[in-house]
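**Q** The structure follows.
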Amino acid sequence: MDHPPQALTLNELCVLADLPVRTLRYYVQSGLVDRPDGETRAARYGARHLEQLLLIKKWTAAGLSLERVRDLLHGDAPAVPDRPRQAGSIEVCSHLCVADGVEMVIEPARAGLSPEQVRAFAKGVMALYAAVTGTSDHGGRAGSRYS
Amino acid sequence: MSTTKQAALICKEGQAPQLLGVSANGSVTGRLLAMALQQRYRNAGSTNVEIVYTFALPFGAVLMEVEVDLNGKALQGVVSAKAQARERYEAALSEGDSGVMLERHKDGSYTLEIGNLLAGETCSILVRYAQVLTTAHGQVRLMLPTTIAPRYGDAVRDAGLQPHQVSATDITAEYPFDITLALQGDLAHASVASPSHRTSYTHAPDALHIGLAQHGFLDRDFVLVISGLTNDSDGLLCADPYQDGQSAAMAFFSPRIPAHGNGALSAKVLVDCSGSMAGTSIEAARSALTGIIGGLQRDDRFTLSRFGSTVAHRNTGFWHGSAQAKASAQRWVDQLEADMGGTEMQDALTSTIALAGGVHSDILLVTDGDVHAIDAVIATTQQSGHRVFIVAIGTSPAESHLRRLAHATGGLCDFVAADEGVGPAVLRMFARLRSRRASQLRIDWPPQLQVRWQQPVQDFAFDDDAFDVSAWCATPAPTGEPMTAKLWGRVQGLDQEVLLAEAALTPLTPSTCATPATPTSDIPARITAWAQCSALRGTPAEHSTKEARSAATALAVHYKLVTPDTNFVLIHVRPDADKPAEMPELRKVAHMLAAGWGGTAAKVAPRADIPPSSGKRSTRPRSVSISASASARPTRRPRAAVASTPAALPTRIDRSDPLQWCAAESSPDGYTGVTPAGLAAWLLRNAEQFHPRRYADLRALGLGLAVCEWLEFEVGAHYAAIRVVKTFLQFIRAMDLTAQTTFSFAHDSASDPLTQEIGMALRGTSSRQWPVALVRFPALEDVV
């Protein structure tokens, strides 16, 4: 290697980690791998980044989803087995996760809602949650349906 | 192994949508569709972004052009080999320039990347494609997918996608969709309807114009059904603008196979009962199966299976199409629910293929096809010699996957949209299953054309199901004389080769294509080049040689085709002052959830129509690859007949006692339930008020399914239920069964016919075993 391990370019890191460049850039974009030192052409990656990549490869090969890998990489506690289900039937519902700890359960057929109404309802619930918890308005959505 | 919890569809934070909408504009001349899809994007944020959108085009669509408009300025791109295109794109982004790239995946989906779209900028991408519309039984089905439904499995491992290409779904996403179509030629005068959208029709002297009558969204396939067509074979010739001295010929054959009366069919029915089928899809599946069962004849043989994360077979040996078997099958269909979890299609097919000793048969698969691991499924089924016929259900079924599966095995795929009647599709399926097989197809091109390469022809044909074949001709341009291409084949039961179809080849010249909306004259040449690229690359299962792959790449670049080996790429150099200082943030465009998927309503149903659901029965989707968690549906147990103030409760049958209960493992015929001795003992022990009065009560008590159905469908076809059950129980109580004796009955003209019938059937009952014929009901003794 020409460069010391602390200063790899994106392409060199790809070769070492044996991943396509777009996949590597995707991991950086989605926060799975830490951002490099410097930006664009001047971006340099080091041993820390390589380590993260190898861990990601190991865990995805073992079948974990990227969301779970993200939790594990960034210090989450190791997986705790799910509380065992009660013996007998398990219900299957349609859940909408509004925020951590806030879920909305809908059975549209019973409620008599059309897809448009379900979407409007979901948006309304999220806006309500934001208002109630005093969290900032996340950028706002373009109001009009038509461009 | 996965430790992800069963997360639901996550509502994204309120980011402004990057995709503003899609408009489609197309025209059909003859059987050639030329469509232009315009996707409009905007970066409403304050930083530079990279927009990634994975979308699907219809099966058989060939991408012709990509036109990019950045902030109102038209830009030109090129098609080049994948690796070079990726390098150029990545280099551009690290330089601070902008780039647009479109790549195609093996499964027919495409990923568009717009890199370094600066704050406030807009971009519009126009994708033009051409598609040959195939006619089946006088009907043309025009489909445009607008979303990709969540698929079972891991996209990266099973479908070979890279993480950035995996599509996500957001239930709050909402993108407008609009379409206009112009039908020309015989299609303009045919019967046209859309089962998916409310459409408006305008008649012009030479064309029929179709538009949406209501605002549309990217949440369901656009389907247009054009029927009442006369199914004639047809063909096109046109000069190749990319190669001097060459022209392309395309023949659309509608085979005519001589009929020979209604053949008997042998079909293994397999129904997808995974979570994604919940709601309108499983209802459509039930309708389709009811139609299929209704169409079965006495000599037909069939088995029934359903699958999700596991597979459950109703019968392991064939049943004939007798009235009793059909009644039993209908009972099974009525109880189908989308409650079996994920979609392990490969295991289900392997298990179904092995039924009835692996005897060659056809498989009739009813599914929405939402799986990633389709290549493995295709490989498994191809080996088995079973043809797979598919009834594809849903607002956004995985068209490409299912057509490939059907085609690879010699079967066909038919589609039923959410609100469409299933009847016609079922009738077409039966016609195909019953028809004689045609194989060893051969095409006779006119010698004047000097055909030098022909697309590999499928080795099967069905009556009235058209397919197309392309060929390169070593003549420079079509001459005026009329020419026909002939399709020959061998038909089962006939010694001689039969002429199945004749296609008259019409020259297509620039003058016949006047406006930009009509197909351009280079389309046949480029479609032929596409066919040649595909043939060189081979199927995913075959390993093409390196030379073949480079030949395919070179051909694709020459004809400007986006294939799994070539990408469309465009680089836009920015002035230094505009170059962003940082790499772009990712904005992946999430799909709208396919309407009706997994129990979400496809349309508002009036309250009266909704079937009463016992317990909660919709799905719980799981993060990126959405699937429903496994569930065990509580068995419906109707209450046993008890008096209003029971003095004592009825006892239960001891299932651990082999004298009273026959467990599945110990029974040679697969009978599970109470033994004759066990039933007799129970009847003695319990008061008459607790005795079963109806078939459901017998079933609840533990009498095996086969014996119950024999009573209900065979005996009970002519007598009232209460009488049948009472007579049956009288026999059981009167039987004096010990370990050595069996029940015998003599024909006695004095007693009534019902007693005769039950008595005769119960001959041979021993203390632990019911008569073999009853246990195997409704199969007949002579089947496999």
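Residue-wise test of (1) out of contact with any strand residue (DSSP E or B) (no Cβ under 9 Å at 6 or more places or on another chain); (2) within 25 Å of B:Phe55 (Cα to Cα); (3) β-branched (Val, Ile, Thr).
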site: B:Gly342; (1), (2), (3): no, yes, no
site: B:Ala348; (1), (2), (3): no, no, no
site: B:Asp362; (1), (2), (3): no, no, no
site: B:Thr381; (1), (2), (3): no, no, yes
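**Q** Conditions: (1) surrounded by fewer than 17 Cβ atoms within 10 Å (Cβ to Cβ); (2) away from every other protein chain (no Cβ under 11 Å); (3) under 29 Å from A:Val125 (Cβ atoms). B:Asp186 meets all but one. Number of the miss?
**A** (3) is the only condition that B:Asp186 fails.
**Q** Mind checking which pairs have a first residue in segment B:33-51 that is without any contact (Cβ under 8 Å) to a residue 24 or more places away in the chain and a second that is crowded, with 19+ Cβ neighbours inside 10 Å, Cβ under 8 Å, 6 or more apart or different chains?
**A** Listed by first residue and then by second, the contacts come to nothing, as the list is empty.
**Q** Would you mind finding the one in B:Ala406, B:Ala418 that is farther than 19 Å from B:Gly489 by Cα and touching a residue at least 24 places away in the same chain (Cβ under 8 Å)?
**A** Just one listed residue meets the conditions, B:Ala418.
**Q** Quick one: which of B:Gly410, B:Gly421, B:Gly358, B:Gly369 is within 14 Å of the chain's Cα centre (by Cα) and of a type in the set (Gly, Ala, Ser)?
**A** B:Gly369
**Q** With respect to the numbered conditions (1) under 23 Å from B:Leu593 (Cβ atoms); (2) touching a His at 6+ places or on another chain (Cβ under 9 Å); (3) more than 14 Å from chain A (Cβ to nearest Cβ), which one is the sole condition not fulfilled by B:Pro195?
**A** (2)
**Q** Same structure, new question: Can you give me the number of residues within segment B:104-125 that are in contact with a Lys or Arg (Cβ under 7 Å, 6 or more places away or on another chain) and either among the small types (Gly, Ala, Ser) or under 14 Å from B:Gly77 (Cα atoms) (or both)?
**A** Residues meeting the conditions: 1.
**Q** Filter segment B:379-395 down to the residues that are in contact with a His (Cβ under 9 Å, 6 or more places away or on another chain) and modelled with pLDDT under 90 and list them by number.
**A** Answer for segment B:379-395, where residues must be in contact with a His (Cβ under 9 Å, 6 or more places away or on another chain) and modelled with pLDDT under 90: B:Ser384, B:Gly385.
**Q** Just checking, how many residues over segment A:25-55 are among the hydrophobic types (A, V, I, L, M, F, W, C), within 10 Å of chain B (Cβ to nearest Cβ) and either surrounded by 15 or more Cβ atoms within 10 Å (Cβ to Cβ) or within 22 Å of B:Ala83 (Cα to Cα) (or both)?
**A** 3
**Q** Another question, then. Among the candidates B:Gln740, B:Gln756, B:Gln689, single out the residue that is under 24 Å from B:Ser666 (Cα atoms) and either polar (S, T, N, Q) or modelled with pLDDT of 85 or more (or both).
**A** Values: B:Gln756 fails: under 24 Å from B:Ser666 (Cα atoms); B:Gln689 fails: under 24 Å from B:Ser666 (Cα atoms).
Among B:Gln740, B:Gln756, B:Gln689, only B:Gln740 is under 24 Å from B:Ser666 (Cα atoms) and either polar (S, T, N, Q) or modelled with pLDDT of 85 or more (or both).
**Q** I'd like the full set of residues that are touching a residue at least 12 places away in the same chain (Cβ under 8 Å) and of a type in the set (S, T, N, Q), limited to segment B:733-765.
**A** Once the filter is applied, which keeps residues that are touching a residue at least 12 places away in the same chain (Cβ under 8 Å) and of a type in the set (S, T, N, Q), segment B:733-765 yields B:Thr738, B:Thr741, B:Thr742, B:Ser744, B:Thr755, B:Thr765.
**Q** Having 3 or more residues that are buried (at least 19 other Cβ atoms within 10 Å of the Cβ) and touching a residue at least 12 places away in the same chain (Cβ under 8 Å) is the bar; report the strands (runs of 3 or more DSSP E) wholly within segment B:54-140 that clear it.
**A** In segment B:54-140, the matching strands (runs of 3 or more DSSP E) lie at B:62-70, B:98-104, B:109-117, B:122-132.
**Q** Restricted to segment B:28-55, and to residues that are within 21 Å of B:Lys560 (Cβ to Cβ) and among the small types (Gly, Ala, Ser), which residue is farthest from the other protein chains (Cβ to nearest Cβ)?
**A** B:Ala34
**Q** Moving on. Looking at B:Gly421, is it touching an Asp or Glu at 6+ places or on another chain (Cβ under 9 Å) and surrounded by fewer than 22 Cβ atoms within 10 Å (Cβ to Cβ)?
**A** It is false that B:Gly421 is touching an Asp or Glu at 6+ places or on another chain (Cβ under 9 Å) and surrounded by fewer than 22 Cβ atoms within 10 Å (Cβ to Cβ).
**Q** Output the residues belonging to segment B:408-454 that are assigned to a helix (DSSP H, G or I) and closer than 30 Å to B:Ala239 by Cβ.
**A** Residues satisfying the conditions are B:Pro447, B:Gln448, B:Leu449.
**Q** Among the residues of segment B:650-659, count how many are under 18 Å from B:Cys708 (Cβ atoms) and either buried (at least 21 other Cβ atoms within 10 Å of the Cβ) or touching a residue at least 60 places away in the same chain (Cβ under 8 Å) (or both).
**A** 0
**Q** Further question: If B:Ser247 meets every condition in (1) assigned by TED's automatic domain parsing to the domain that holds B:Thr484; (2) surrounded by fewer than 23 Cβ atoms within 10 Å (Cβ to Cβ) apart from one, which number is that one?
**A** So B:Ser247 meets the others, but not (2).
**Q** Sticking with this structure for a sec: Return the only residue of B:Arg286, B:Arg298 being of a type in the set (D, E, K, R) and under 30 Å from B:Leu494 (Cβ atoms).
**A** When all the criteria are applied, what remains is B:Arg298.
**Q** Of the conditions (1) away from chain A (no Cβ under 14 Å); (2) surrounded by fewer than 22 Cβ atoms within 10 Å (Cβ to Cβ), B:Ser328 clears all except one; give me its number.
**A** Answer for B:Ser328: the failing condition is (2).
**Q** Condition test on B:Trp319, is it in contact with a helix residue (DSSP H, G or I) (Cβ under 8 Å, 6 or more places away or on another chain), among the hydrophobic types (A, V, I, L, M, F, W, C) and closer than 23 Å to B:Leu265 by Cβ?
**A** yes
**Q** Name the residues in segment A:61-72 that are at the interface with another protein chain (Cβ under 7 Å from one of its Cβ atoms) and in a helix (DSSP H, G or I), would you? Walk me through how you get there before you give the answer.
**A** The first filter runs over segment A:61-72 and keeps only residues at the interface with another protein chain (Cβ under 7 Å from one of its Cβ atoms), leaving A:62-68.
Within segment A:61-72, A:Leu66, A:Glu67, A:Arg68 meet the criteria.
**Q** From (1) over 18 Å from the mean Cα position of the chain (by Cα); (2) within 25 Å of B:Gly598 (Cα to Cα), pick out the condition that doesn't hold for B:Arg286.
**A** Condition (1) is where B:Arg286 drops out.
**Q** Quick one: is B:His401 more than 18 Å from the chain's Cα centre (by Cα) and either outside any loop (DSSP other than H, G, I, E, B) or modelled with pLDDT under 90 (or both)?
**A** no
**Q** If a residue has to be at pLDDT 90 or above and among the polar types (S, T, N, Q) to count, how many in segment A:1-28 make the cut?
**A** Residues meeting the conditions: 1.
The values are calculated or read from the model by the stated rules, or taken from the named source; none is laboratory data. Everything quoted here is computed from the prediction, not taken from an experiment. Glycine also receives a Cβ, built like all others from the backbone with ideal geometry; neighbour counts cover every protein chain displayed.
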